[in-house]
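The structure appears below as structure tokens.
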DNA sequence: AATTACAGAGAACAGTTGTTAACTGCATGG
DNA sequence: CCATGCAGTTAACAACTGTTCTCTGTAATT
């Protein structure tokens, strides 16, 4: 791994992370475009001007949050799509994995869903680029399945995009259901499973 | 129709509409949660206090915008889903209709896509309720198709929800492509058509 | 013709915002 | 051990915000 950081740099990264965490919490009930720099520093307990040591603006902070929220998710993709077992098994596993991820990182999921179409262009683009990377990775994994025999590259990417969008949509619905009843969460999972199953059936009968 | 409005009420509705229009334009590069009341009145050219004659807050304005953006869309649903012709024809027609609607009401589409998961709870809920109404209507139309024989009510609603989400996603992608090249718009339409076709195939092979 | 209702204007309020400048204290590298 | 770099502080700025109260002109009502 990388060289051990000095006391100085370690403390800096600590407050930087504190800023990111505070921002993420504040963003639970507003959008990035209304997030104030002073609001964030106040929540952390540092002077407003300290913000500039880490980010040029809240827009920059947002881009960093995209990295934090989605950057660590790539290994999960491969594991899920390329998992052993039949189609039904993979789907069930995927839905469970989404549910679990939403429960352990609700603020991250909320942020991505909110800012994907949000009011800050650079953040939108950062999210779009990450999601395109996801789709590309899903495509590569899908290509390994025997069901993909005879599929064109474009069609595989089309299917991968559909899966990625569906996953995000499911995650967002599940997030809303977090504050509702256990039955509601169960219902969301069930519907999402059916929808992915339907897509998988469409996939099996695509050619010919 | 309703009674003809007096000069007084007519003028009021005129400035009210001016406020809505100005807000919609300002929301092209920010989110509702950062939209200021003064900002809107300034764009219209009226005193800030005039705002209160029409809305209690920008949040209220947002709810009114949801009505304006989605309320007039219901008749379109029925026409599209229940149109004559085979599945392929209906899909082509739907994609064309989406593209046309985005081109004629880009700000409306942007607003809905942005605020669906945005930072203002009441607006989110208003959008969700409208979309649920859409899904219900799509379900009713889908039920009339011969392909729906043997489908449960829940499964039909599941499919309808998938279609609605897919339509919104397509509209949002097409919106982004508006500022890009004609080829990009063409590509978005093509991919969306394929995805809906795949879903339709899944639908045909759902049972059994 | 006189009275009322009410959309919008105007001024003022306390509080907030982003940004600049000059500073302090301390970990780091020579 | 001393000089430098730099994370974080303090103070101040002009500009902006939502909201209240008072006022004005005129359409609507009687």
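Averaging over every viewing direction, what projected area does the convex hull of the Cα atoms of the stretch A:86-163 cover, in nm²? Don't skip to the end; give the middle numbers.
Values: hull surface 23.7 nm².
Result: 5.9 nm².
Against the longest alpha carbon principal axis of chain A, how many degrees, from 0 to 90 and to the nearest 10, is the axis of helix A:7-26 turned?
60 degrees
Between the stretch A:143-177 and the stretch B:185-208, how many Å separate their Cα centres?
First find each Cα centre; the distance between them is then 12 Å.
Can you give the Rg/Rh ratio of chain B, where Rg is from the C-alpha atoms and Rh is the Kirkwood radius?
The Rg/Rh ratio comes out at 1.04.
With a 10 Å radius around each residue's Cβ, average the other Cβ atoms per peptide and rank A:106-118, A:55-67, highest first.
Final packing ranking: A:106-118, A:55-67.
If I histogram all Cα-Cα distances within the protein assembly as shown using bins 20 Å wide from 0, what percent of pairs lands in each bin?
It works out to 24, 55, 20, 1, in whole percents.
Percentage of Cα-Cα pair distances in the stretch B:118-208 greater than 17 Å, rounded to whole percent?
Looking at the stretch B:118-208, the distances longer than 17 Å represent 59 percent of pairs.
For the stretch B:1-124, state the average projected area of the convex hull of the C-alpha atoms over all orientations, rounded to one decimal in nm².
Over every viewing direction, the Cα hull of the stretch B:1-124 projects on average to 9.7 nm².
Using all C-alpha to C-alpha distances in the stretch A:156-207, build P(r) with 10 Å bins and read off the rounded percent in each one.
Distribution as computed: 24, 46, 22, 7, 0 percent.
I need the calculated FRET efficiency for the pair residue B:42 and residue A:39, taking r as the beta carbon distance and R₀ as 30 Å, to the nearest 0.05.
Numbers: r = 24 Å, r/R0 = 0.79.
Rounded to the nearest 0.05, the efficiency is 0.80.
Within 10 Å of each Cβ of B:171-178, how many other protein chain Cβ atoms are there on average?
1
Nearest 10 degrees is fine. How inclined is helix A:106-116 to the longest principal axis of chain A, computing both from alpha carbons?
80 degrees
Using a label point 7 angstrom from Cα along Cα-to-C-beta, what distances in nm, from shortest up, separate residue B:53 from the other copies?
5.2
So what's the angle, to the nearest 10 degrees on a 0 to 90 scale, between helix B:153-178 and the longest Cα principal axis of chain B?
For B:153-178 against chain B, the angle is about 60 degrees.
For the stretch A:23-84, list log₁₀ I(q)/I(0) at each q in 0.11, 0.27 Å⁻¹, using the Debye formula over Cα point scatterers of equal strength and ignoring solvent, two decimals each.
Result of the Debye calculation: -0.35, -1.16.
Quantify how strongly other chains surround peptide B:115-125 by giving the mean number of their Cβ atoms within 10 Å of each of its Cβ atoms.
5
Throughout, read-outs are computed from the coordinates displayed, never taken from laboratory work. Since this is a predicted model, take the numbers as computed values, not measurements. Positions of Cβ are backbone-derived with ideal geometry, glycine not excepted, and every protein chain shown enters the neighbour counts.
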